[in-house]
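The values are calculated or read from the model by the stated rules, or taken from the named source; none is laboratory data. Being a predicted model, the structure only gives us computed values, none of them experimental. Backbone-built Cβ (ideal geometry, glycine too); neighbour counts: all protein chains shown.
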Ligand code: ZN
């Protein structure tokens, strides 16, 4: 494995995001517990998070906040006392949320508690047992084949006690209460693309937006998958009304083609904005329809909320062999992959921020643009003809119903040009934004 650069050595924003992932990678996270809190402590060095603790047992719609899980150590020792499976070497070795156990058992008794990937005999699988009482270990298939019949000491030194579920949000108010929700799960242990890449891109994006003027408000959520988004929705039903656009970010650091999964409605502004940016930028990509499986978009798009929230990925979860295995490591995520993802999200959100509707103030026939000096300084500009065309499109479509993205899609002209045209027309009182 190449040793990753530290944050201070980072040359590019991609390197900086990769350095954050490298720092977070060793922590044993879960849907509750100190690993999740330690993760937030690192993220909050970059952005000021508001951290919430929700007591175990709290009812959140049809779910209940579970007992808090923490782990100090876990191992399987052979008869000679050697650790043949060791949590300290890799936190994927223990089934996440394993209940405590300390016993000596035979190999046959141990086997139902062991998980491997025979097709990838050198990788450790990632397994969880959040909502049923179980303990188990994950190991490479080659390690399993080396285990000889005999007695084994098994120990999971974990605790499952009533305490709390932790999540964090960062709210960045804009000129309007209308907000963009950016959500990522932060509960997976040592997995880089699934989980940490989303955290890195979301944190960088939040830091950048903080220092930039913006019309819309932004809310960044760092939650444990499923139970975290359900908890946030249950505790924030009033806030939810302000969410006008949303994105779940996950698996955004590998080198695969982009996958954008549309919101349930399928034609939300966020769906069209991301599709436009992906197409314009020319990265290999596919836009897929919503389906009720995947990450927290399942909760945001449930019928009681039906929020316009899509999900941006590079390689789609569950479709690449490294997914949920020890091969989803620091080599699997690339600075360039992260940087391209950041750029796509940033551009899509910028587009939403500028996507206004206008009313033409001179709607009866075209206004005489020449006499207003709008063309001044344009002569000889390489895109003069297209710019003039953009103005005509904006004037024609500005009936208060069509947004600049609508005009962009209908005209086939670039969004930036349409926006420039609208800015110029507004300056000359030919358009009024609504
Ligand atoms: Zn996952």
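Observations, loosely collected:
- Checking residue 55 against (1) under 22 Å from residue 129 (Cα atoms); (2) surrounded by fewer than 19 Cβ atoms within 10 Å (Cβ to Cβ); (3) not assigned by TED's automatic domain parsing to the domain that holds residue 303, the condition it does not meet: (3)
- Hey, residue 119 in a helix (DSSP H, G or I) and over 22 Å from residue 166 (Cα atoms) or not: no
- The C-beta contact set for the stretch 23-38 (first residue assigned by TED's automatic domain parsing to the domain that holds residue 89, second residue part of a loop (DSSP other than H, G, I, E, B) and modelled with pLDDT under 95, distance under 8 angstrom, 6+ apart or interchain) is empty.
- Restricting attention to the stretch 79-126, the residues that are in contact with a strand residue (DSSP E or B) (Cβ under 8 Å, 6 or more places away or on another chain), more than 15 Å from residue 156 (Cα to Cα) and surrounded by 12 or more Cβ atoms within 10 Å (Cβ to Cβ) total 9.
- Boolean, residue 330 is at pLDDT 95 or above and either in a helix (DSSP H, G or I) or not assigned by TED's automatic domain parsing to the domain that holds residue 200 (or both): no
- Scanning the stretch 173-196 for residues that are touching a strand residue (DSSP E or B) at 6+ places or on another chain (Cβ under 8 Å) and assigned to a helix (DSSP H, G or I) yields a total of 1.
- Any hit, the stretch 377-393, residues being over 30 Å from residue 188 (Cβ atoms), within 27 Å of the chain's Cα centre (by Cα) and away from the ligand (no atom under 16 Å from the Cβ): no
- Matching residues, the stretch 299-316, being in contact with a strand residue (DSSP E or B) (Cβ under 9 Å, 6 or more places away or on another chain) and surrounded by fewer than 22 Cβ atoms within 10 Å (Cβ to Cβ): 305, 316
- Selected residue (only one of 261, 244 is within 21 Å of residue 187 (Cβ to Cβ) and touching a helix residue (DSSP H, G or I) at 6+ places or on another chain (Cβ under 8 Å)): 261
- Hits in the stretch 198-253 (condition: part of a strand (DSSP E or B) and away from the ligand (no atom under 16 Å from the Cβ)): 217, 218, 219, 220, 221, 243, 244, 245, 246, 247
- Hits in the stretch 272-298 - residues which are closer than 25 Å to residue 232 by Cβ and crowded, with 22+ Cβ neighbours inside 10 Å: 273, 274, 295, 296, 297
- Condition met for residue 267 (more than 24 Å from residue 318 (Cα to Cα), away from the ligand (no atom under 16 Å from the Cβ) and in a loop (DSSP other than H, G, I, E, B)): yes
- Single unsatisfied condition, residue 355 versus (1) more than 17 Å from residue 420 (Cα to Cα); (2) under 38 Å from the mean Cα position of the chain (by Cα); (3) touching a residue at least 60 places away in the same chain (Cβ under 8 Å): (1)
- If you filter the stretch 308-327 down to residues that are away from the ligand (no atom under 13 Å from the Cβ) and assigned to a loop (DSSP other than H, G, I, E, B), you find that the one that is nearest to the chain's Cα centre (by Cα) is 314.
- Matching residues, the stretch 281-307, being closer than 16 Å to residue 348 by Cβ and either within 16 Å of the ligand (Cβ to nearest atom) or at pLDDT below 95 (or both): 281, 282, 283, 297
- All of (1) within 15 Å of the chain's Cα centre (by Cα); (2) touching a residue at least 60 places away in the same chain (Cβ under 8 Å); (3) away from the ligand (no atom under 16 Å from the Cβ) hold for residue 262 with one exception: (2).
- Index of the failed condition, residue 266 passing every other in (1) surrounded by 22 or more Cβ atoms within 10 Å (Cβ to Cβ); (2) out of contact with any strand residue (DSSP E or B) (no Cβ under 7 Å at 6 or more places or on another chain): (1)
- Any hit, the stretch 347-359, residues being closer than 30 Å to residue 124 by Cα and in the same structural domain as residue 252 (by TED's automatic domain parsing): no
- Filter result for residue 130 (within 16 Å of the ligand (Cβ to nearest atom) and at negative phi): yes
- Checking each residue in the stretch 160-194 for being farther than 19 Å from residue 35 by Cβ and within 16 Å of the ligand (Cβ to nearest atom) picks out only 183.
- In the stretch 370-396, the residues that are modelled with pLDDT under 80 form Cβ pairs under 6 Å with partners that are assigned to a helix (DSSP H, G or I), at six or more places apart or across chains, as follows: 378/384.
- Strands (runs of 3 or more DSSP E) wholly inside the stretch 46-103 that include at least 2 residues being within 23 Å of the chain's Cα centre (by Cα): 50-55
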